[in-house]
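What follows is calculated from the coordinates using simple rules that are stated; it is not laboratory data. If you're wondering where the values come from, they're calculated on a predicted model, not measured in any experiment. For neighbour counting, all protein chains shown are included, and Cβ atoms are generated from backbone atoms with ideal geometry for every residue, glycine included.
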Amino acid sequence: MTAVPDVLPHLDAVQAALEGVDLTVYVGGIPTDTGWSPPDKFCVLYPEPGMAVRDSLADDRSDFEATFQVTCVGGDPVRALWVTGRVRRALAVAPAVEGRKCHRPEDLGGPPLARDDDVTPPLWFVPVQYRLCSTPA
């Protein structure tokens with residue numbers, strides 16, 4: 001029997017890919033520490049736990065599928081879109097997960113660029129969603 005796939009190595013691989021194109025990456029939200037001020041461009045990775053998917057009629061659940069969102073943030077529209085381009089570059093190749101064969105993440109798109117006036121100074125953001133699938137190596 002093949003081991004049940006785990007979300008954490010997949011999350012680590014996506015985060016490493018984003019950091020590999022010189023992005024500051026936060027997972028699950030931005031820091032809430034007093035005195036923290038956002039950089040002029042960064043991204044926030046919002047993962048889901050994913051699911052083990054049946055790869056045969058024998059009910060062997062060794063395939064893995066998850067969606068995640070990368071919110072691309074900048075101090076102005078151009079910076080937010082620059083981050084979006086870097087994210088797409090980072091995720092244009094399959095992430096490396098030990099013991100797994102990952103497919104290249106599927107870009108599912110997202111809503112248009114928006115401005116967040118709830119923070120000071122205001123920030124611009126673009127959420128982009130991806131689907132990631134892997135099989136045992």
Check: the stretch 12-61 dipole with +1 on Lys, Arg Cβ and -1 on Asp, Glu Cβ, in debye = 100 debye
request  = Just grab the label-to-label distance for Asp107 and Ala137, each label 7 Å out from Cα along the Cβ direction, in nm (one decimal).
outcome  = 2.7 nm
request  = Just flag the trypsin sites (Lys or Arg not before Pro) in the stretch 3-98 sitting in loop per DSSP whose Cβ has no more than 16 other Cβ atoms within 10 Å.
outcome  = Arg54, Arg61
inquiry  = Among Gly109, Thr71, Thr24, which residue has its Cα furthest toward the positive end of the charge dipole of the chain, with +1 on Lys/Arg Cβ and -1 on Asp/Glu Cβ?
reply    = Gly109
query = What is the magnitude of the charge dipole of the chain about its Cα centre, with +1 placed on the Cβ of each Lys and Arg, -1 on the Cβ of each Asp and Glu, and no other charges, expressed in debye to the nearest 20?
reply = 400 debye
note = Candidates Val70, Val119, Val83; GNM for the chain (alpha-carbon contacts under 10 Å) flags as most fluctuating Val119
note = chymotrypsin sites (Phe, Trp or Tyr not before Pro) in the stretch 1-95 lying in a DSSP loop, each with at most 11 other Cβ atoms within 10 Å of its Cβ, come to Trp36
task = Give me the number: length gained by fully extending Thr67 to Ile30, i.e. 0.36 nm times residue separation minus the C-alpha to C-alpha distance, one decimal in nm.
result = 11.3 nm
key: Residue among Gly50, Gly74, Gly20 with the largest mean-square fluctuation in a Gaussian network model of the chain, springs linking Cα atoms under 10 Å   = Gly20
